[in-house]
Structure formats: C-alpha cells, structure tokens
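The values are calculated or read from the model by the stated rules, or taken from the named source; none is laboratory data. Computed from a predicted model, the values in this text were never measured in an experiment. Positions of Cβ are backbone-derived with ideal geometry, glycine not excepted, and every protein chain shown enters the neighbour counts. Note: areas computed on protein heavy atoms with side chains; ligands, DNA, RNA excluded. Shrake-Rupley method; radii C 1.70, N 1.55, O 1.52, S 1.80 Å.
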Amino acid sequence: MKETPLSNCERRFLLRAIEERKRLDGRQSYDYRNVRISFGADYGCCIVELGRTKVLGQVSCELVSPKLNRATEGILFFNLELSPMASPAFEPGRQSELLVKLNRLLERCLRNSKCIDTESLCVVAGVKVWQIRVDLHLLNHDGNIIDAASIAAIVALCHFRRPDVSVQGDEVTLYTPEERDPVPLSIHHMPICVSFAFFQQGTYLLVDPSEREERVMDGLLVIAMNKHREICTIQSSGGIMLLKDQVLRCSKITGVKVAEITELIQKALENDRKVRKEGGKFGFAESIPNQKISAFKMERAPVDTNDVEEQAEEIITKADPPSEVFAKPILQTPGTAQIGEGIENSWGDLEESEREEQEEDNSDDATTSGVQKMETEEISGVSKTKKEADTIILSDSEEEVVVVLEPEETRKKTRTHTSAKQENSSSKKTFNKKRKKKRTTH
C-alpha cells in the first residue's frame with residue numbers, strides 16, 4: 001500500500017509556512033523535538049520517543065565462531081524493521097529502498113565508526129566470540145526515523161549486559177546472572193545522527209523534519225557525530241547541491257544537538273542504574289505515567305457528604321409508599337406457596353408448545369372427519385349410480401329396448417377415491433412423525 005499523496009493545497013500551505021519561518025508543531029527552524037527514553041525490565045531493552053516517532057530497541061548476544069579474516073573480533077549485527085503497525089505505507093515481508101538505506105546508514109554510523117570495542121567480544125581466538133545483535137522496531141512513524149533509530153541503538157547497547165564467561169583450557173563456562181554479575185559492553189563513544197531537511201533548492205533549512213515536512217522537502221542531509229565533535233558519517237540525498245557554508249553550519253548545529261542528547265542518555269542510564277540498585281520500580285512499569293492506561297477514564301464527580309441523613313429523609317418522604325407485604329405464606333394449591341407479591345401459579349397450565357400441539361391435533365381431527373364424511377357421501381353416490389346402471393328401462397314398443405349403463409365413469413371415480421385415501425394416510429403418517437420430533441425436542 002502506497003502512502004496517500006499530499007494535495008496541492010497542503011503542499012502550498014507547508015511551503016508558505018516554511019518561508020515564513022513557521023512549523024506546524026510550533027517549533028523554530030533549528031528546534032529538536034522532545035526525546036524521551038524508557039527502559040524495559042531486562043537489560044538491553046529500551047523505547048525512544050522522538051516526538052511521536054517511537055522506536056523499540058532490543059539487544060541480544062550469542063556465542064558463535066568468528067569470521068575467518070577477523071578471528072579475534074566479535075560480530076555486530078543491526079536490523080531495522082518497518083512494520084505496517086507504524087504506518088500503512090510500509091508493506092510487510094518486503095524490503096523497500098528506504099529500509100535498505102536506513103540499515104546501511106546505521107551500520108556505517110555504529111559499526112564503521114568503531115564505537116564498540118569488538119576485540120573485547122573475543123572469548124577464544126578463532127574458536128568462540130560474542131555476536132551482538134541489535135533489533136530495532138519502528139512502532140510509530142512521524143518523520144525522522146534515522147535519528148530515533150540511532151538513539152535507540154546506542155542506548156540499548158549502553159544498557160546491555162552480556163553474561164560472564166570463564167575459559168579453562170578448551171572449556172568455556174557461561175555463568176548465569178545469579179552466579180555472576182553480567183558484564184557491560186566496552187563503548188568508546190556514542191555516535192548520534194541528526195537530520196536536516198532542505199527546501200527550495202537549499203534556500204530554507206529545518207532540523208528534525210516531521211513526516212509531512214519530509215514529503216515536501218527537496219533534499220536531506222544526515223550527519224552522525226559524537227560529543228567530541230568527531231564526524232562519524234555524513235550522507236546527502238535528494239540530488240540537491242549544497243554549499244560548503246551550508247554543510248559547516250549543519251555540522252555546528254549537529255555538535256550542539258549531539259551534546260544535549262548525549263547528556264540526556266547518560267542521565268537516563270544513571271537513573272535506571274540507581275533505581276535497579278534500590279529495588280524500586282524500573283522498566284516500562286515505571287515509564288508509564290499514572291492515569292494514562294485507561295483511555296475511557298471519567299472525571300470524578302464532586303459529592304457533598306454533609307447532611308446525608310437529612311437528604312435521605314427527604315428522599316424517603318418524596319418516594320412512593322411501599323406496597324402491601326404479606327407476612328404469612330399463602331397456600332394456593334397443595335404443594336405450592338406464595339410469600340409477598342408474585343406471579344400467579346401457572347403449574348397446572350399448559351405451555352405454549354403443548355397448546356399449539358393440541359390445537360393442531362384438533363384441527364387434524366376435524367380435517368380427517370371431514371374427509372371421511374366426503375368419502376362416505378361419494379361411496380353412497382357411487383352405489384346409487386350402480387343401482388341406476390343395473391336397472392333396464394323398457395319402452396312400450398316391442399321393437400326398441402334401451403339399456404343405460406355407465407361402467408367406465410364409476411371405475412374412474414373409484415380410482416380417484418382410492419388415490420385420495422392413500423394421500424390422506426401418507427399425510428397423517430408424516431404429521432405424526434413431526435409431532436413426535438417436536439415432543440422429543442421440547
């Protein structure tokens with residue numbers, strides 16, 4: 001599913017606002033959105049919120065055999081996933097160009113900058129090394145994915161603890177967290193990406209573009225830098241030509257923003273460490289603010305508890321008097337009794353289904369009796385016709401003898417009577433079967 005394109009009115013409105021140095025969320029051109037960091041219950045799990053863009057980071061480790069050309073170095077693996085849960089524009093199970101570009105940029109920012117000491121991940125040279133895997137899941141997309149993903153990756157790596165290991169000869173012993181304290185990773189520096197959006201061929205510049213601003217921009221510049229003002233990687237996309245002064249200005253802004261974000265990360269890690277030592281609330285349980293889980297929370301209505309007895313007496317006086325209450329049980333029929341107001345006894349009455357069956361039986365009896373009467377009348381008519389057919393009418397003259405016989409018509413009538421009897425008997429049998437099924441179901 002492709003993202004819905006912006007209309008011409010929205011595009012013109014956004015560009016006009018950028019020309020007037022205004023943004024939809026009220027920020028200035030060089031303002032960064034609020035960064036919020038929360039940690040999970042386990043080490044290496046965190047959620048980074050950059051405005052309304054949310055990224056979940058999870059770090060895991062595994063003992064594997066090293067690469068042939070680097071026998072004494074551990075392995076770093078980064079994986080970013082863009083799910084349809086974050087935005088309907090992302091398709092599941094398919095790597096888009098944006099996803100490939102983001103993954104490559106993360107690897108250049110974190111792996112190629114040597115921010116983690118990979119040699120410290122070696123357990124036995126050429127035999128066993130630690131493989132560190134960083135999984136990043138985009139939970140909500142509101143622009144500037146690369147900045148939020150880079151912050152989540154470095155925060156998860158700083159928060160992660162790997163199990164302790166001891167080597168005796170060729171045996172490698174892996175200790176659980178209960179046996180030995182986990183060991184943190186050795187991190188040299190923290191590279192963080194900062195994105196810049198250019199409009200109208202580099203005339204206007206915005207820091208940390210939102211999702212709508214990314215649709216209108218002409219080009220994007222991403223600079224990865226640490227707090228020591230060392231550029232780790234730089235990437236320009238969009239096909240616009242940037243001047244040297246523009247790049248230098250962006251690098252100065254990046255140095256300021258990276259210093260602020262690094263200080264925020266260190267404070268968040270220190271607070272989590274203190275809370276875990278004290279045994280208080282930590283993880284997502286601590287990060288969720290109160291009264292935010294219930295979406296349909298209703299405001300409390302003020303209740304005046306003064307003069308409750310007087311108000312209760314007024315309500316009782318205004319209310320209708322109670323109906324008569326029977327103190328003693330009323331014996332209506334043997335085996336039944338009634339106390340107070342209730343419904344009349346209906347034990348002796350028939351149920352609706354039984355009443356319907358009785359009515360159907362009566363109607364069936366009436367129809368069968370009517371059919372029998374019709375049959376007797378027809379049979380009597382046939383007998384009369386037979387008698388008339390047997391009689392011979394003689395005229396006065398001796399020459400003419402007239403005989404009136406109707407055998408063919410009588411045969412036809414007898415056949416029709418017998419077929420009607422068979423149909424009536426078959427209908428009676430089917431009706432009786434239906435009655436039996438109804439009674440069994442009831």
Please arrange Asp42, Asp164, Asp147 by accessible surface area, largest first, computed with a 1.4 Å probe and ligands excluded. Asp42, Asp164, Asp147
Per-residue accessible area, 1.4 Å probe, largest first, puts Val275, Val127 in the order Val127, Val275
Violating pairs (Cα-Cα greater than 31 angstrom) within the set Lys101/Lys257; Lys101/Lys227; Lys67/Lys277: Lys67/Lys277
Which loop-located GluC sites (Glu not before Pro) does the stretch 208-238 contain, where loop means any DSSP state but H, G, I, E or B and the Cβ has at most 14 other Cβ atoms within 10 Å? Glu230
Between Glu81 and Val308, how high is the FRET efficiency from 1/(1 + (r/R0)^6) when r is the Cβ-Cβ distance and R₀ = 51 Å? Nearest 0.05. 0.30
Label zone at Val123, where the point sits 7 Å out along the Cα-to-Cβ direction: the stretch 171-202 residues whose backbone N lies under 18 Å: 171-186
Inter-centroid distance (Cα atoms) of the stretch 89-116 relative to the stretch 1-73, Å: 12
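Order the following by accessible area, largest value first: Arg212, Arg21. Probe radius 1.4 Å; ligands, DNA and RNA are ignored.
Arg21, Arg212
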For the stretch 105-185, state the average projected area of the convex hull of the C-alpha atoms over all orientations, rounded to one decimal in nm². 6.7
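For Asn8 and Val183, FRET efficiency with R0 = 56 Å and r from the beta-carbon atoms, rounded to 0.05?
0.45
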Karplus couplings for the stretch 67-80 from phi (6.51 cos²θ - 1.76 cosθ + 1.60, θ = phi - 60°), rounded to Hz, Gly and Pro as x? 6, 5, 7, 9, 6, 10, 10, x, 10, 10, 9, 10, 9, 10
Please sort by residue number the GluC sites (Glu not before Pro) in the stretch 8-41 whose DSSP state is loop and whose Cβ has at most 12 other Cβ atoms within 10 Å. Glu20
Restrict the search to the stretch 121-194; then list the chymotrypsin sites (Phe, Trp or Tyr not before Pro) that DSSP places in a loop and that have at most 14 other Cβ atoms within 10 Å of their Cβ. Tyr175
In the stretch 1-47, if the dipole is taken from +1 on Lys/Arg beta carbons and -1 on Asp/Glu beta carbons about the Cα centre, which of Ile47, Ala17, Pro5 is farthest to the positive end? Ala17
